[in-house]
1. Please pick out the residue among ALA125, ALA136 that is among the hydrophobic types (A, V, I, L, M, F, W, C), over 16 Å from ASN85 (Cα atoms) and surrounded by fewer than 18 Cβ atoms within 10 Å (Cβ to Cβ).
2. Looking at ARG223, ARG141, which one is surrounded by fewer than 21 Cβ atoms within 10 Å (Cβ to Cβ), in contact with a Lys or Arg (Cβ under 7 Å, 6 or more places away or on another chain) and more than 25 Å from ARG86 (Cβ to Cβ)?
3. Quick one: in the stretch 85-100, which of the residues that are over 16 Å from GLN151 (Cβ atoms) and either at pLDDT 90 or above or in contact with a strand residue (DSSP E or B) (Cβ under 8 Å, 6 or more places away or on another chain) (or both) is surrounded by the fewest Cβ atoms within 10 Å (Cβ to Cβ)?
4. So, of the residues in the stretch 84-134 that are polar (S, T, N, Q) and without any contact (Cβ under 8 Å) to a residue 60 or more places away in the chain, which turns out to be farthest from ALA154 (Cα to Cα)?
5. Which ones in the stretch 143-164 are among the polar types (S, T, N, Q), over 20 Å from GLY69 (Cα atoms) and assigned to a loop (DSSP other than H, G, I, E, B)?
6. Identify the residue in the stretch 15-31 that is exposed (fewer than 15 other Cβ atoms within 10 Å of the Cβ) and under 24 Å from LEU75 (Cα atoms) and, among all such residues, is modelled with the lowest pLDDT.
7. Kindly state which strands (runs of 3 or more DSSP E) lie completely within the stretch 1-97 and contain at least 3 residues that are among the aliphatic types (A, V, I, L, M) and within 13 Å of the chain's Cα centre (by Cα).
Amino acid sequence: MTVIDAQGVSKHFIGGDGERIDVLENVSLQVQRGEMVAVVGASGSGKSTLLHLLGALDRPSAGSILIAGKDIRLLSDDELAVHRNRSIGFVFQFHHLLKEFSALENVMMPLRIAGQSAAEAGERARQLLARVGLSARLEHRPHELSGGEQQRTAVARALAAQPAVLLADEPSGNLDHSHSEQLHDLMAEISEEFGIGTVVVTHNSSLASRARRILLLRDGSLRQSSVEEMASA
């Protein structure tokens with residue numbers, strides 16, 4: 001099943017001088033359930049712009065993007081927000097955990113916002129934190145967790161609503177080598193295990209090597225790439 005279907009996507013902005021800036025040009029990308037795709041490219045190549053479009057945080061200037069079967073062009077802003085919250089999980093370079101809440105409460109948060117009872121949300125959060133190896137850290141607040149544990153908590157939170165799509169922007173960019181490797185393994189495992197279509201934007205060849213496909217974004221366009229090409233760039 002295709003969970004991301006982007007066809008002919010372009011994105012441009014108008015600069016301060018009134019000139020048009022083309023960031024993405026006729027980009028197409030399909031991602032299947034259980035597939036992890038890595039998008040690589042130089043800084044400023046448009047990777048974050050692409051991720052924002054796939055995450056329904058912005059709309060394309062041209063082309064279509066279907067997320068979990070829904071064309072985001074056809075949704076109102078309110079409908080888009082609901083669809084995004086139900087269908088897409090996000091993991092960023094910095095965990096963005098709420099510092100006053102425990103790991104358990106952080107993972108429960110999106111479920112409570114969606115209207116689940118405390119009992120249901122708590123059970124789901126416990127299951128996910130166990131899956132990412134944090135059963136013994138449920139009541140710890142972010143400052144009591146290591147960097148790797150914080151990021152694994154963020155992954156569990158991203159999975160809370162059972163999304164069809166997981167988007168990650170340099171998820172190991174703030175971690176040391178050991179914690180990075182643990183996170184890389186986890187990202188690859190959960191994509192297949194949970195049947196989630198995952199897109200990771202990364203400069204890390206170790207993380208990219210876990211992906212089923214590596215795509216290079218250059219001059220606004222995507223093409224097939226490889227770990228070897230990343231290493232030689």
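1. Values: ALA125 fails: surrounded by fewer than 18 Cβ atoms within 10 Å (Cβ to Cβ).
Checking each option against the conditions leaves just ALA136.
2. Details: ARG223 fails: in contact with a Lys or Arg (Cβ under 7 Å, 6 or more places away or on another chain).
Just one listed residue meets the conditions, ARG141.
3. Ranking the qualifying residues of the stretch 85-100, first place goes to GLU100.
4. First, the residues of the stretch 84-134 that are polar (S, T, N, Q): 85, 87, 93, 102, 106, 116-117, 127.
Subsequent filtering for residues that are without any contact (Cβ under 8 Å) to a residue 60 or more places away in the chain retains 102, 106, 116-117, 127.
Working: SER102: 12, ASN106: 8, GLN116: 19, SER117: 21, GLN127: 14 Å.
The extreme case among them is SER117.
5. Quick first cut of the stretch 143-164, residues among the polar types (S, T, N, Q) only: 146, 150-151, 153, 162.
From what is left, the residues that are over 20 Å from GLY69 (Cα atoms) are 146, 150-151, 153.
Within the stretch 143-164, just SER146 meets the criteria.
6. Filtering the stretch 15-31 down to residues exposed (fewer than 15 other Cβ atoms within 10 Å of the Cβ) leaves 15-22, 26, 28, 30.
Remaining after also requiring under 24 Å from LEU75 (Cα atoms): 26, 28, 30.
Numbers: ASN26: 91, SER28: 94, GLN30: 95.
Within the stretch 15-31, the match that is modelled with the lowest pLDDT is ASN26.
7. Values: elements: 2-14, 20-32, 36-40, 62-67, 88-91.
Counting at least 3 such residues, we get 36-40.
The values are calculated or read from the model by the stated rules, or taken from the named source; none is laboratory data. The model shown is predicted, which means the values in this text are computed figures rather than measured ones. Quick reminder, even Gly has a Cβ in these numbers, built from the backbone with ideal geometry, and neighbours come from all protein chains shown.
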